[in-house]
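Contents: one structure, followed by commentary.
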């Protein structure tokens with residue numbers, strides 16, 4: 001199992017800068033702390049402390065750094081990076097956070113901001129923005145295949161270990177559609193799962209690769225899997241759409 005390169009991981013999917021019940025403003029207070037009149041309940045926002053927590057989730061990030069770089073993107077493809085405007089809602093003095101052409105932003109990290117914990121507010125509707133940070137995928141050992149056989153739980157152990165580590169950073173990871181898949185290169189050889197109720201065969205595609213997702217019922221049942229001893233494997237991130245496509249095959 002080769003170590004994967006750094007990947008972009010999504011945080012707060014569908015909820016980035018969204019408004020919870022406790023955060024909703026009443027009609028009598030339509031302005032921000034900085035005095036900007038906005039439709040507060042409908043604009044994207046995120047508390048500063050949560051933003052810094054996301055930035056520091058990268059193991060390479062210095063805990064006492066003066067600033068952190070993140071990337072922001074709209075779920076609406078017609079909204080470009082230059083269309084996104086951000087500011088920290090400090091009382092009487094909003095602090096503008098510039099988004100560059102590639103969607104990167106640099107957030108200052110100070111004790112004063114942590115104590116004030118202002119909202120980062122965008123000019124986009126709530127629930128439409130995603131924020132990203134580079135993370136190193138944890139290194140895991142490959143599954144132990146003996147004489148062309150391995151248990152289902154052992155085959156997916158690397159995936160489970162990676163997901164467990166990711167949840168230490170984001171407790172919701174994997175709960176909102178984010179998942180990993182196994183990419184197994186077998187050449188022309190198929191992969192076969194033998195169960196009490198029958199067997200299922202996974203045949204490689206034209207590139208000699210099989211893609212498998214971890215099914216909860218199979219993980220609990222833990223059937224035997226027939227797989228070449230020299231199969232090459234990777235754990236890759238996949239979108240919900242890709243997961244559905246793999247499941248439908």
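Here are the numbers for this structure:
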| read-out | value |
| --- | --- |
| Spin-label model distance (nm) - residue 42 vs residue 220, 7 Å beyond Cα toward Cβ | 4.5 |
| For 79, 225, 97, order by how many other beta-carbon atoms lie within 10 Å, fewest first | 79, 97, 225 |
| Cα gyration tensor category, rounded, prolate or oblate, for the range 149-248 with a/c compared to 1.5 | prolate |
| Label-point separation, residue 56 to residue 230 (7 Å along Cα→Cβ), nm | 4.9 |
| Residue order, fewest to most beta carbons within 10 Å, for 249, 126 | 249, 126 |
| Ranked 239, 186, criterion: other C-beta atoms within 10 Å, fewest first | 239, 186 |
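Quick note: the coordinates plus some simple rules give every number you see, no bench work behind them. Worth saying up front: this structure is predicted, and the values here are computed from it rather than measured. Positions of Cβ are generated from backbone atoms using ideal geometry, with glycine treated the same way; all protein chains shown enter the neighbour counts.
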